[in-house]
1. Are any of the residues in the stretch 76-83 within 12 Å of the ligand (Cβ to nearest atom) and under 20 Å from V196 (Cβ atoms)?
2. Counting residues that are touching a helix residue (DSSP H, G or I) at 6+ places or on another chain (Cβ under 8 Å) and more than 18 Å from D253 (Cβ to Cβ), which helices (runs of 4 or more DSSP H) fully inside the stretch 72-159 reach at least 2?
3. Within the stretch 218-272, work out how many residues are of a type in the set (S, T, Y) and closer than 23 Å to A105 by Cα.
4. Does any residue of the stretch 137-151 turn out to be within 14 Å of the ligand (Cβ to nearest atom), in the same structural domain as S205 (by TED's automatic domain parsing), at pLDDT 95 or above and closer than 30 Å to S191 by Cα?
5. Right, S260: of a type in the set (S, T, Y) and in a loop (DSSP other than H, G, I, E, B) or not?
6. Does any residue in the stretch 116-135 that is more than 7 Å from the ligand (Cβ to nearest atom) come within less than 9 Å, Cβ to Cβ, of a residue that is basic (K, R) and part of a strand (DSSP E or B) six or more places away or on a different chain, and which pairs are these?
7. Scan the stretch 214-227 residue by residue and report those that are more than 8 Å from the ligand (Cβ to nearest atom) and either in a strand (DSSP E or B) or without any contact (Cβ under 8 Å) to a residue 24 or more places away in the chain (or both).
Amino acid sequence: MPVKPESAFAREYEFSEQTFQRLRRLVHVELGISLADSKRELVYRRLSRRLRALQLEDFESYLRLIEQRHPEELQNFCNAITTNLTAFFREHYHFDFLAQQLLPALERNNADTRRIRIWSAGCSSGEEPYSIAMVALETLGHLRDWNLRILATDIDSDVLEHARRGIYGGERLEKLDAARLLRWFRRVGRSRQYRVGQELRQLISFKSLNLIDPWPMKGPFDVIFCRNVVIYFDRRTQSDIVERMARLQRPGDHLILGHSESLLEVSARYRLIRQAIHRRLGP
Ligand SMILES: C[S@@+](CC[C@H](N)C(=O)[O-])C[C@H]1O[C@@H](n2cnc3c(N)ncnc32)[C@H](O)[C@@H]1O
């Protein structure tokens, strides 16, 4: 059967080039995300669900809501646009390095303050900060009177709600080995779902934060995980965010990016030490 060209498919809503450009500008202003041309269909698909939910007739009415910064719909707009793919122990070598190098070094270096701060920036539905918390307790669980806290932030209110609830099931648990599931999770009734145990949950503060807005935190953070987040931003926005992260860290602290992200032509404040792990340079 001959394949229909894209233009031959009838759309539920008219979606012109001008509409896409207006949406693209709004996404950049509100989220810092630079959408490629190839995202046109994805944007249409994700936002037409919002039009349906609001029973709007066309994208023009939706654009007006967002351009007027309607508070509730602005949050839904951000939630619809973000990509939240994540997994427990995603890019496992970062957690191996955390367990074998970073945390033991922090135990030695922070012995005077007994304080450790880790930030998971762009934490999505919580798998990243919970993986950090598991490794932290497995490695430093003997340090009973230490003040160890993990800040986990995201702009998307839906994934943050999921993260706070801490209930996972099905394929989300596949990357987790059975011993960890047994040790750190509790089964929800007789279901196939598991809830993260209290010991892990109490280490983490989940907060809403748009990385392109001013940040309330003062730091310093010993380790920042910002993985698979800045890849969606243009270089200027990346530079600005990394510079502000550098100001919340001291020389010797670590910034961990995703496997396809790099600081080349973005920041000279860090030195790459291995697989997207960067060490803050002085002063
Ligand atoms: C692909 S997920 C990465 C999750 C996790 N860090 C990992 O690597 O598995 C990217 C996350 O960044 C968040 N994000 C995108 N733009 C953001 C912004 N401007 N401020 C804060 N978070 C943002 C998204 O909501 C999404 O949850």
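The values are calculated or read from the model by the stated rules, or taken from the named source; none is laboratory data. Please read these numbers as outputs of a predicted model, since none were measured by experiment. Counting neighbours? That spans all protein chains shown, and the Cβs are built from the backbone with ideal geometry, glycine included.
1. Taking every residue of the stretch 76-83 in turn, none turns out to be within 12 Å of the ligand (Cβ to nearest atom) and under 20 Å from V196 (Cβ atoms).
2. 127-140
3. Final tally of qualifying residues: 1.
4. yes
5. Working: of a type in the set (S, T, Y): yes; in a loop (DSSP other than H, G, I, E, B): yes.
Here the answer is yes, as S260 does meet what is asked.
6. Note: pairs meeting the criteria are I116/R149; R117/R149; I118/R149.
7. Residues satisfying the conditions are P214, P216, V223, I224.
Per-residue answers, yes or no, for (1) outside any loop (DSSP other than H, G, I, E, B); (2) more than 17 Å from D154 (Cα to Cα); (3) of a type outside the set (V, I, T):
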| site | (1), (2), (3) |
| --- | --- |
| Q238 | yes, no, yes |
| E243 | yes, yes, yes |
| V266 | no, yes, no |
| P283 | no, yes, yes |
